[in-house]
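Undergrad: Pasting a structure here, questions to come.
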Amino acid sequence: TDQLSVSPTALVDLEELDKKHYLHPTTIPKIHAEQGPKLSFTEGNGIYVKDTKGDEYIDGLSMLWNVNLGHGNQELANTAKEQMTKLAFSSSFAGYSNEPAVRLAEKMTSMAPGDLNAVFYTSGGSESNDTAFKLSRFYWSMKGKPEKKKIISLKQGYHGVTIAAQTATAIPLFHQFSSSGISDVFHAKPHLTDCELGGRSHPDYEGSIRDIVEKEGADTIAAVIVEPVQGSGGVHMPPDGYLEAVRKLCDEFGILFIADEVICGFGRTGKMFGVDNWDVVPDLMCVAKGISSGYSQLGGVLIKQEIRDTLVQYDQVLAHGFTYSGHPTACAVALKNIEILERDEVVANVKSMEHELNAGFEYLKDKHPTVTKTRALGLLAGFELYKDRDEEIPFDSSILPSTEVVEECFNRKLILRPLASQVGRNIVAIAPPLIINKRQVEDMVAIIDDSISDFEKKHL
Ligand code: PLP
C-alpha cells in the first residue's frame, strides 16, 4: 500500500539479510536467526518513530534512554551536516585539537556541579566508565598510592559492557554472558529501601559499601561508582540521604566518588544532572547518551579541579584515548543539543511532565490492583506489578508481568521496556523524550491503562 515506507519485497529481503548477517545486542541469537527483527525503524519525528510497515509508535523509552530531544530534530541534523562539511573528523591525540571539542568542554564544565572543570572525551557510556576507573587509578598512582585500585559498584547497577564497565555492572545476566572480567571490582548492597545509611546497626550492613571498604582496606580502594538513579537495574531512586552518605563515606576514607550520569545527565531527571537533585558533587562524572540526544556517538568524563591539578603536575603520559575522543562532529552536535535544552527550557518541561506522569500513575494505581511502587524523577520513571500489591506477592514465576504489559503496549503502538526486580520481571520503565507534552503523556497513560486491563483480565 501507499503507506509502506519500504516495499513488501524489499521488506522480506531486509529481514532475511538481518537474520543472516546482523548480530544484535541483548537478543538470543538463535531466536533472532529464526524470527528476524521485532521491527525495523525507518524515521522519527518528536516522540514518534515509524517502522518499515509505516506504523507509528510512541517512543516511550527515548530508544535507549538517550533520544532526549526527540527524533527528527532538524537543527541537530543541520549542525552535523555543517560540521561534517567543514571538518568531519580530527585527531585529539598527541596535542591536536578542534574548536567544537574545546567549546563543548568549556560549556559542560560551566554547567556541571562544583569544580568539575575538565573533561576527557569518549564515544559512549561504557568507555566513559572504563576511563573513569583508569583515571582514578592513574590519579592515585600519581599521589603515590598505586595500590589504590579497587572499584566498588552497587548491586543492580548498570555501567555498560566493556570489560571493566561490565564487571562493575552488577546485573547477573551480564556476568553470565561472559566470564571475562577484571579483578578488583566489588558489588555492594544497594540499600534500595530506607535504611540507616552505612550504619553498623542496619541489618543490611553486611555487604554495604562501608563493609567492603573496611574489609578490603581504604588504602586499596580507588573509587565508588553509583548511578544517581539506577536505570537498567530497575529505575531505583536512591533513598533520602543516600548519595550524600556515599559522598561522606568517600571523603571519610579518601576514596573517589564517580557518578555515572549516562542516563541521568542532561535533563532526564528534571535537573541538568542527576546529582543536582541532591546537591552532591562527585569527583568524576561520566556522561553519554543525552549529551547529544543520540544524534552523535559521544561520551565524556568530567573530573574535579584537584584531579586535573594532580594530573598536570607530573611528566607522565596519559596513555589512554579513543580514535573518536573529541570528535568534532559529535561535539558540535552536543553543543547544539545543550543550546536547545537551555533555549527551549526543556528541563522545566521535564519537571512539569513529571507531574503529569505522576497524575497518570495515581489514576493507574486507583484503577488497577496490580500496580504499585510508581516512581518518577523527571522523566525517568517506572512502576511495578504484583499479584497482591499490599502483601507484595509476585505473580507465579511462569508469568512475566512487565514483559506481558509491555507487549500489550507494543501492540497498541507504545514502546516501553520491561525490567526485572528481585521478585521477577515485574518493572515497567518509562522514559519518553524530554520534549513530550501533556496530551502525549495522557496518550501514553491511556495505552498503559488498556494494556494493564487486558493483562489483569488474563491473570487475576
Ligand atoms: N551507564 C549507564 C547508567 C547506562 O545506562 C549505560 C547504557 O545504558 C551505560 C553506562 C553504557 O553506555 P553505552 O551503552 O553508551 O556504552
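Undergrad: Please give the contour-minus-distance gain from Asp309 to Glu56: 0.36 nm per residue of separation, less the Cα-Cα distance, rounded to one decimal in nm.
TA: Working: separation 253, 0.36 × 253 = 91.08 nm, distance 5.10 nm.
Working it through step by step, the gained length comes to 86.0 nm.
Undergrad: Now a separate question. What does a probe at Phe93 reach in segment 103-142, counting residues whose amide N is under 17 Å from the point 7 Å along Cα→Cβ?
TA: Residues 121-123 fall inside that zone.
Undergrad: How long is the gain from Ile163 to Arg343 if the chain were fully straight, where each residue apart is worth 0.36 nm and the alpha carbon distance is subtracted?
TA: On the way: separation 180, 0.36 × 180 = 64.80 nm, distance 3.84 nm.
So the extension gain works out to 61.0 nm.
Undergrad: What whole-number volume per residue, in cubic angstrom, does the convex hull of the C-alpha atoms of segment 309-420 give?
TA: Details: hull volume 28.1 nm³, N = 112.
In segment 309-420, the Cα convex hull volume per residue is 251 Å³.
Undergrad: What Rg and what Dmax come out for segment 75-343 when only alpha-carbon atoms are used, in angstroms?
TA: 18.2, 62
Undergrad: Sticking with this one: Which one of Val102, Gln83, Val312 is farthest out on the positive end of the charge dipole of the chain, using unit charges on Cβ (Lys, Arg +1; Asp, Glu -1) and the Cα centre as origin?
TA: Farthest along the dipole direction, towards plus: Val312.
Undergrad: Here's something else I'd like to know. Report the calculated FRET efficiency for Asp279 and Ser110 (r = Cβ-Cβ distance, R0 = 25 Å), to the nearest 0.05.
TA: 0.90
Undergrad: What ³J(HN,Hα) values, in whole Hz, does the Karplus curve 6.51 cos²θ - 1.76 cosθ + 1.60 give for segment 269-279 when θ = phi - 60°, with x put for Gly and Pro?
TA: Each residue of segment 269-279 in turn: 9, x, 10, 4, 10, x, 4, 4, 5, 10, 6 Hz.
Undergrad: Taking R0 as 45 Å, what's the FRET efficiency between Lys351 and Lys81 from their Cβ-Cβ distance, rounded to 0.05? Before the final figure, lay out each step's value.
TA: Working: r = 32 Å, r/R0 = 0.72.
Efficiency at R0 = 45 Å is approximately 0.90.
Undergrad: Further question: Binning at 10 Å from 0, report for segment 365-426 what percent of all alpha-carbon pair distances ends up in each bin.
TA: In order of increasing distance, the bins hold 22, 54, 24, 1 percent.
Undergrad: Restricting to the chain, what percent of DSSP beta bridges are antiparallel, rounded to 5? Write out the running numbers ahead of the final one.
TA: Values: 33 of 50 bridges.
Rounded to the nearest five, the antiparallel share is 65 percent.
Undergrad: So, one more: Could you go through segment 43-59 in sequence order and give the Karplus-derived ³J(HN,Hα) for each residue, using 6.51 cos²θ - 1.76 cosθ + 1.60 with θ = phi - 60°, rounded to whole Hz, and x for Gly and Pro?
TA: For segment 43-59, the Karplus curve yields 7, x, 8, x, 8, 9, 10, 10, 10, 4, 8, x, 6, 10, 10, 7, 8 Hz.
Undergrad: Only four residue types carry charge here, +1 at the Cβ of Lys and Arg and -1 at the Cβ of Asp and Glu. Report the dipole size of the chain about the Cα centre in Debye, rounded to the nearest 20. Walk me through the numbers on the way to the answer.
TA: Values: 46 positive and 64 negative charges, 182 e Å.
Charge dipole, the chain, about its Cα centre: 880 debye, nearest 20.
Undergrad: Calculated from DSSP H runs of 4 or more alone, at -39500 (n - 2.57) each and per residue, what is the 222 nm mean residue ellipticity of the chain, nearest 500? Display every interim value, and only then the final one.
TA: Details: 15 runs with 180 residues, N = 460.
For the chain, the value works out to -12000 deg cm²/dmol.
Undergrad: Kirkwood Rh and Cα-based Rg: tell me the resulting Rg over Rh for segment 282-369, rounded to two decimals.
TA: Rg divided by Rh gives 1.18.
Undergrad: Give the residue from Gly299, Thr26, Trp140 lying farthest towards the positive end of the charge dipole for the chain; charges sit on Cβ (+1 for Lys and Arg, -1 for Asp and Glu) and the dipole is referred to the Cα centre.
TA: Going by the charge dipole, the pick is Trp140.
Undergrad: List the residues of segment 372-388 whose backbone N lies under 19 Å from a point placed 7 Å from the Cα of Gln422 along the Cα-to-Cβ direction.
TA: Zone members listed by number: 372-375, 383-388.
Undergrad: Of Lys373/Lys438; Lys143/Lys271; Lys19/Lys81; Lys53/Lys457; Lys20/Lys134; Lys30/Lys150, which pairs sit farther than 27 Å apart, going by alpha carbon to alpha carbon?
TA: Working: Lys373/Lys438 22 Å; Lys143/Lys271 34 Å; Lys19/Lys81 32 Å; Lys53/Lys457 30 Å; Lys20/Lys134 38 Å; Lys30/Lys150 37 Å.
From the list (Lys373/Lys438; Lys143/Lys271; Lys19/Lys81; Lys53/Lys457; Lys20/Lys134; Lys30/Lys150), the Cα-Cα distance tops 27 Å for Lys143/Lys271; Lys19/Lys81; Lys53/Lys457; Lys20/Lys134; Lys30/Lys150.
Undergrad: Can you give me the long-range amide H partners of Gln230? Hydrogens built in the peptide plane at 1.01 Å from N, cutoff under 5 Å, separation of 5 or more residues or another chain.
TA: Those qualifying (amide H under 5 Å, at least 5 residues apart or on another chain) are His236.
Undergrad: Which residue, chosen from Val287, Cys331, Gly234, occupies the Cα position most advanced towards the positive end of the dipole of segment 75-343, where the dipole is computed from +1 (Lys, Arg) and -1 (Asp, Glu) charges on Cβ about the Cα centre?
TA: The one lying farthest along the dipole's positive direction is Cys331.
Undergrad: What is the percent of Cα-Cα separations in the chain that go past 41 Å?
TA: Values: 18093 of 105570 pairs.
I get 17 percent for the Cα pairs in the chain exceeding 41 Å.
Every number here is computed from the coordinates shown, using simple stated rules; none is lab data. Fair warning: this is a prediction, and the values are worked out from it, not measured in the lab. Methodologically, a virtual Cβ is constructed for each residue, glycine included, from the backbone with ideal geometry; neighbour enumeration extends over all protein chains shown.
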